[in-house]
Structures are given as C-alpha cells and as structure tokens.
1. Could you order the peptides 128-134, 267-273 from most to least packed, using the average number of other C-beta atoms within 10 Å per residue?
2. Non-local amide H neighbours of V62 (under 5 Å, H modeled in plane, Pro and chain starts lacking H): which ones?
3. With r as the distance between the Cβ atoms of A138 and A214 and R0 = 41 Å, compute the FRET efficiency 1/(1 + (r/R0)^6) and round to 0.05.
4. Would you mind ranking Y118, Y48 by Cβ crowding within 10 Å, fewest neighbours first?
5. What fraction, in whole percent, of alpha-carbon pairs in the range 1-99 exceed 25 Å separation?
6. Any idea how far apart F39 and T10 come out in nm if each label point goes 7 Å out from Cα toward Cβ?
7. Between A100 and S126, 0.36 nm times their residue separation minus their Cα-Cα distance comes to what?
8. Given points 7 Å out from each Cα along the Cα-Cβ axis, report the R86 to A187 separation in nanometres with one decimal.
Amino acid sequence: MIDIPNTSGTGMPALAVPPLTCDAHMHVYDRRFPVKGGFVEGATVREYNRLQQRTGTSRTVVVNPRASGVDNRVTLDAIAQLGRERARGIAVVNTSVTDAELYALRAGGIRGIRFTLYTLDNAPTSFDMVEPLARRIAALGWHVQLHWTADQIAEHADMLLRLPCTIVLDHLARLPQPFGLLHPAVAVIHKLLDGGRTWIKLSGAYLDSTAGAAGDYAEATVVARHWVAAVPERMVWGSDWPHPTEKQKPDDAQLLDLMLQWADDDLTRKRILVDNPAALYDFPMPTP
C-alpha cells in the first residue's frame, strides 16, 4: 500500500510491467519555478518517484506543464533529478526561440515540442506557429506533440499532412463521445498513420469518457484497441500524472491496468511500454 498525492487508491496494479517500462507522459510542478496559474501541489519529482514504486515504471518522459508557458526550467530540472539515462522531456517553445536555445534544450534531454491548443485560453503557442517550428525542430530529429481536439485535427488536416517531422497525438487523439471512432478526425489520423511518422499516446482515458472509472473507461478502450490494432509499433503509454485537468484524481493502478484490455498479449504490451518509447524518445534500446 503506497499513499501518493494526485492519485486515488493505494493498491498495486495487476499488470507486472516489463523492465524499462516508460511512462511517456507526466508533468512536474515545483514551487522553485514560476507558473501562470494552474499549479498542482504534491507533484514534484519526489512524489513521482513514489508513484513509480507503485506502478513499476523506470523510464519517464516529462512534459512541460501548460502553467509554465515557454519556461522549460521545471522540466529540465526534473530530467536532471530523474537521471538522463532514464528521463527525457517535451518542451514548449514559441517562434521567438533561438537555435542556441533549442540546442541547449536538446542537451538537457528534450526530444520534442508540444502544442497544447485543445483550449486557446492562456495558450503559450498558436496554430500558426506549428509549421515554422516543425521545420526547425525536424533537423534536430524531434517531433511535435499535439494536444488538440478531434475537431481541430480535422480542421487542420492539410497542415498536418505537410509537416516535415514526426507527429505525436496526445491522449488517444481526443475523440469525443458519443462519436468516438465515427468522428471525421479518424480518417485524417489514418492518413497520417499511413505516412509512417505519426504516433499516438495511449493516455488520458478519463478525458473523453462518460463511463468513467466506475465503467472502466469503456469508450476509451474501444478507441485504444482501434489504434493499437492499426499501428502497434507507434503506440506509447503515459500516466498523465498528476492529472492536472482532474479535480477527482483517477487511480493510476487502474489506468495502467487498462493495458491488459488495450493490448491482447505480453509481446504487444512490451512493445508499447518499452520498445516503442525507446525508439521515439532516444533511449538506449533494450537488449533482446
């Protein structure tokens, strides 16, 4: 039994994850670094280390929180605390970023940039920044990570198909219910997937679920299984701890155990939890 902030429940997950399992989406909030509202208490590296004891993950991708804007110091610090051998990060930058700053971010463990535009309130970036920044970070081997609504994905389909770099879609691609897989964005996403450079994060099951925890996020399972069946080699899993959008925090053991439903066998789960994130985030590949 491990009591940890920003998660409900204290039990261990049923899924025994393989060595080098990566949590490919989490955030750190630390009072040593300024934020513009939306601070989450009890979400430092110290608390996250306790969550790792519960879930069994050993590699981590720290995503710069929306509240930090384009100040990535909290994420760089978290990577350093967790250890460069087992942590990477996703930064937030705008078009004023210099090449020197991008190279410094790479040296600190950053491997992509995020556009959190599902709501435009206080957004530190904009849609017109995506293409110019994508061209710049493509040379670094980075990707763009998009937390967009399904409507936004459909609306900006032409732009997405033009991007010269890898694309990572957050949180199951945010398909709203009850439309789910019937949403027009699904056809756009399949075109992107067919291009070979688009990935999807199996995370945030609670964001577009009406079934909720009591219903084991049933709609999310339908969506996740669809994506896993399409391109299992380009799926990664993330906890989204400390769940900044949620007032009632989910049970991280339950969220991890969804992988037992989302992928049918141990080999596919290992691919999603270990091999795929190693390739996407430039971790050393596990030995066979």
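1. Values: 128-134: 17.0, 267-273: 19.9.
Highest-to-lowest ranking by the protection proxy: 267-273, 128-134.
2. For V62, whose amide H was placed from the backbone, the distant partners under 5 Å are R88, G89, I90.
3. Working: r = 43 Å, r/R0 = 1.06.
Taking R0 as 41 Å, the efficiency between A214 and A138 is 0.40.
4. Values: Y118 19, Y48 27.
The most exposed by this proxy come first: Y118, Y48.
5. Numbers: 1050 of 4851 pairs.
Of the Cα pairs, 22 percent sit more than 25 Å apart.
6. Modelled inter-label distance: 2.8 nm.
7. Values: separation 26, 0.36 × 26 = 9.36 nm, distance 2.20 nm.
Here the segment from A100 to S126 would lengthen by 7.2 nm.
8. Between R86 and A187, the simple spin-label model gives 4.6 nm.
No lab work stands behind these numbers, since they all come straight from the coordinates. If you're wondering where the values come from, they're calculated on a predicted model, not measured in any experiment. Here Cβ is always computed from backbone atoms with ideal geometry, including for glycine, and neighbour counts include all displayed protein chains.
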